[in-house]
Amino acid sequence: MHKPGSGSPNLPCRRWLTLALLAGMMAPLPAAAQTAAAFPDRPLRLIVGFAAGGTTDIVARVMAEAMAPDLGQQIVVENRGGAGGIPAAQVMLNLPADGHVLMLQSGGLNQAEAMGSPMPFDAVTAFAPIGLVATSAISLVVHPSIPATNLAELQAYARTQPNPLRFGSPGISLSTFLYAQELGIEVEEVRYRGTGAVLNDLLAGRLHGYTIALPGILSNVRAGGLRAIALAADRRSAVMPELATTVEQGFPNIITASWFGLVARAGTPEDRLQRLGEAMSAAIARPVIRSRLTEAGLDVVERTDPASFNALIVEDRARWETVVRRGNLRP
């Protein structure tokens, strides 16, 4: 029989202690431990460095719609155009690196950096690549009055003219200078505020040519208003398979493409980047999404990963640095 003060364990107390320990083991994990499972816990933002309606914007909206169900959150597209995408990048870099803000990245930042535009960040290392969505090789189109159906004929024609050929550009187009440098011809770059203004003057014959990704020019070429004479790639595009590549035409160094992919801010946790990458890969694997992007004139990637996307970005930057240096193009 138990006597008070004997030092024997109190059985009711032991039962309460056991219950308390079990309750503690079953209690929810601290918020920090739930971070990965909870992500994303609110709507995401997808920033686009160009105005609504362009190819970059189209890609962003298709991907936002496609990834949202997998992530369980809405993805809101924000257009912040201008200056090659620098203002858009600055918006992202002023926000937390928590994966809730993404950017639809293209080559604008690399070209702006190559030209020496003031940029308070590194165009490569400031971002964490998630994956490449699609590409579109840069085509060269001319007004039908130009007597050239291929690059050799354009080269010969340009060399007989007393003045440089006039090429339009919505800002600055380093692809124009890449073509000119490899063809060994002189061009005058005429800058406009947007693609629409370039096309107006090109269709009217006030410009000779334009270098642009296929999505932006496809309808005009098919309607006969313009003539496409080359695609800056080593293989033909499924969008316009009849258009010969620069490599086929004997100019293997003219290879360049518009590219479109998703990035987050550098420093975003790896588990969140992986979660976003999985949602992106699942989206571009869906036939309906691939069809929508292909119909817009894009070559959708078969698969993607951060490492290969980063390699593409680095290679793209090096290409434009070479073009700028060779042509002494910096102001």
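Here are some notes:
- When residue 35 is tested against the conditions (1) among the polar types (S, T, N, Q); (2) surrounded by 11 or more Cβ atoms within 10 Å (Cβ to Cβ); (3) modelled with pLDDT under 50; (4) farther than 20 Å from residue 266 by Cα, the lone failure is (4).
- All told, residue 270 meets the bar of being of a type outside the set (A, V, I, L, M, F, W, C) and more than 30 Å from residue 179 (Cα to Cα).
- The range 151-171: number of residues that are part of a helix (DSSP H, G or I) and not aliphatic (A, V, I, L, M): 4
- Of the candidates 124, 91, the single residue that is in a loop (DSSP other than H, G, I, E, B) and of a type outside the set (Lys, Arg) is 124.
- In the range 73-88, of all residues being of a type outside the set (A, V, I, L, M) and not in a strand (DSSP E or B), the one that is nearest to residue 138 (Cα to Cα) corresponds to 84.
- Checklist (1) in contact with a His (Cβ under 6 Å, 6 or more places away or on another chain); (2) surrounded by fewer than 18 Cβ atoms within 10 Å (Cβ to Cβ) applied to residue 163, failing item: (1)
- Among the candidates 99, 72, 116, 82, residue that is more than 27 Å from residue 331 (Cβ to Cβ), of a type in the set (Gly, Ala, Ser) and surrounded by fewer than 18 Cβ atoms within 10 Å (Cβ to Cβ): 72
- Residue within the range 254-261 that is within 16 Å of residue 63 (Cβ to Cβ) and aromatic (Phe, Trp, Tyr) present: yes
- From 254, 185, residue being assigned to a loop (DSSP other than H, G, I, E, B) and in contact with an Asp or Glu (Cβ under 6 Å, 6 or more places away or on another chain): 254
- Residue in the range 254-263 that is at pLDDT 95 or above and more than 22 Å from residue 127 (Cβ to Cβ) present: yes
- Single residue of 272, 303, 290 found to be surrounded by fewer than 21 Cβ atoms within 10 Å (Cβ to Cβ), in contact (Cβ under 8 Å) with a residue 24 or more places away in the chain and not assigned by TED's automatic domain parsing to the domain that holds residue 222: 272
- Within the range 102-113, the set of residues being surrounded by 24 or more Cβ atoms within 10 Å (Cβ to Cβ) and among the aliphatic types (A, V, I, L, M) comprises 102, 103, 104, 109.
The values are calculated or read from the model by the stated rules, or taken from the named source; none is laboratory data. Note that the coordinates shown come from a computational prediction; the quantities given were computed from them, not determined experimentally. Positions of Cβ are backbone-derived with ideal geometry, glycine not excepted, and every protein chain shown enters the neighbour counts.
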